[in-house]
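Participant: A single structure is presented below for examination.
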There are 2 protein chains.
Amino acid sequence: MDAIDCLMTRRSIKSYTDRMVDDETLWKILDAGTMAPTAKNLQSPVILCVKNKKIRDKMSSLNAKVLGTESDPFYGAPIVLVVLADRNNPNHVYDGSLVMGNLLTAAHALGVSACWINRAKEVFDSEEGKKLLKDLGVDGDLEGIGNCVLGYSDKDIPKAKPRKPDYIMLVE
Amino acid sequence: MDAIDCLMTRRSIKSYTDRMVDDETLWKILDAGTMAPTAKNLQSPVILCVKNKKIRDKMSSLNAKVLGTESDPFYGAPIVLVVLADRNNPNHVYDGSLVMGNLLTAAHALGVSACWINRAKEVFDSEEGKKLLKDLGVDGDLEGIGNCVLGYSDKDIPKAKPRKPDYIMLVE
């Protein structure tokens, strides 16, 4: 897909079937994530690629708890890419967000539906979230930046909402 | 350019000629910036597109002051896109960073060199930076997220640095 078309037509998809993303496609998305720029190329983020259903469901329930709901905040998507970043790096939120952006763009380029799901910070700042990371062998003083859910939708792609009129200001 | 190729070959360019980006190309980049997802579609960011040389040089000097240097932190690039975001929105740093990501990706897709230049926060939190925004008619309680410089380089494109081995962790 053309890169500009890709940026202009990407949408946040909020309904998924349980169809898995194949490994070749998934790795292209993950590799594109790692190519996001990071401040001074310090590569403060990590990407936790969760395909295991039990762990995916655990992360969903921790996320739902923060949100105060019992429904699945991941909209049924079978894969969750959690981006976390070293909180000792002052630019870690910028860095991690750019990785999230690359993951979202790459997914759409490859025909995979995706959405940024929030509350990664609250989940992995919680005792349960920290324990989960430890159990998974993830080390470091990491802050959750975002969850990028991946999968396929059987719903129509939503139209883009209009952009606000003063989004861009020219200083010529 | 293919979207995946674009994400994989984008580099942070740190040397620019004074060649301007034409308006048609510039607007494609800006529009792609506005299409980044934002939390709850609240569109907390704004993009200040600075082509005016006097204002560009003023922003450069404010940025240099934070950095403690007298050289141009914008590497001679003729255009600076400043992304700022409403600091009353708890997700404004994520939102603004995703706009920055789209701008960087779109620029590369169109053959325009770009780089995230930091210290937008410090510059626009300073009294001088706040006054500059006010003089430009930019309202709101805005936090600087990043400066995306744009232009053309006459140097070779740098090779990508290797990614750290533990960037991606699989939970299968």
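The values are calculated or read from the model by the stated rules, or taken from the named source; none is laboratory data. All figures in this text were calculated on a predicted structure; none of them were measured in a lab. Positions of Cβ are backbone-derived with ideal geometry, glycine not excepted, and every protein chain shown enters the neighbour counts.
Participant: Do you know which of the residues in the stretch A:127-162 that are over 17 Å from the mean Cα position of the chain (by Cα) and in a helix (DSSP H, G or I) is surrounded by the most Cβ atoms within 10 Å (Cβ to Cβ)?
Facilitator: A:132
Participant: Restricting the search to the stretch A:100-111, which residues are buried (at least 24 other Cβ atoms within 10 Å of the Cβ) and either at pLDDT below 95 or more than 9 Å from every other protein chain (Cβ to nearest Cβ) (or both)?
Facilitator: Residues satisfying the conditions are A:103, A:107.
Participant: Moving to a separate point now. Run residue B:165 past the list (1) in a strand (DSSP E or B); (2) more than 10 Å from chain A (Cβ to nearest Cβ); (3) closer than 30 Å to residue A:137 by Cα and report the number of the one that doesn't hold.
Facilitator: Exception for residue B:165: condition (1).
Participant: Now for a separate question. Could you go through the stretch B:14-31 and let me know if any residue there is charged (D, E, K, R), facing chain A (nearest Cβ under 9 Å) and touching a strand residue (DSSP E or B) at 6+ places or on another chain (Cβ under 6 Å).
Facilitator: Checked the stretch B:14-31: no residue is charged (D, E, K, R), facing chain A (nearest Cβ under 9 Å) and touching a strand residue (DSSP E or B) at 6+ places or on another chain (Cβ under 6 Å).
Participant: Now for a separate question. Pairs, please: C-beta under 7 Å, at least 6 apart or cross-chain, first residue more than 15 Å from residue A:165 (Cα to Cα) and in the stretch B:29-49, second of a type in the set (Ser, Thr, Tyr) and at pLDDT 95 or above?
Facilitator: As it stands, the answer is B:37/A:12; B:38/B:44; B:39/B:94, since those pairs meet every condition given.
Participant: I'd like the residue in the stretch A:112-126 that is aliphatic (A, V, I, L, M), in contact (Cβ under 8 Å) with a residue 60 or more places away in the chain and outside any helix (DSSP H, G or I) and, out of all such residues, is farthest from the other protein chains (Cβ to nearest Cβ).
Facilitator: A:112
Participant: Taking into account only those residues within the stretch B:70-86 that are more than 18 Å from residue B:113 (Cα to Cα) and at pLDDT 95 or above, which is farthest from the other protein chains (Cβ to nearest Cβ)?
Facilitator: Per the stated criteria, the residue is B:71.
Participant: On to the next question. Looking at the stretch A:53-85, which of its residues are part of a loop (DSSP other than H, G, I, E, B) and either among the acidic types (Asp, Glu) or closer than 12 Å to residue B:169 by Cβ (or both)?
Facilitator: Result: A:70, A:72.
Participant: Starting from residues that are part of a strand (DSSP E or B) and in contact with a helix residue (DSSP H, G or I) (Cβ under 8 Å, 6 or more places away or on another chain), keep the ones in the stretch B:36-47 and report whichever is farthest from residue B:74 (Cα to Cα).
Facilitator: B:45
Every residue, every condition in (1) surrounded by fewer than 17 Cβ atoms within 10 Å (Cβ to Cβ); (2) among the small types (Gly, Ala, Ser), yes or no:
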| position | (1), (2) |
| --- | --- |
| A:40 | yes, no |
| A:49 | no, no |
| A:53 | yes, no |
| A:56 | no, no |
| A:60 | no, yes |
| A:66 | no, no |
| A:73 | no, no |
| A:83 | no, no |
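Participant: From (1) closer than 26 Å to residue A:6 by Cα; (2) of a type in the set (Phe, Trp, Tyr); (3) surrounded by fewer than 22 Cβ atoms within 10 Å (Cβ to Cβ), pick out the condition that doesn't hold for residue B:94.
Facilitator: (3)
Participant: In the stretch B:24-69, what residues are farther than 30 Å from residue A:118 by Cα, small (Gly, Ala, Ser) and over 14 Å from the mean Cα position of the chain (by Cα)?
Facilitator: If the condition is that a residue be farther than 30 Å from residue A:118 by Cα, small (Gly, Ala, Ser) and over 14 Å from the mean Cα position of the chain (by Cα), then B:61, B:64, B:68 are the ones that fit.
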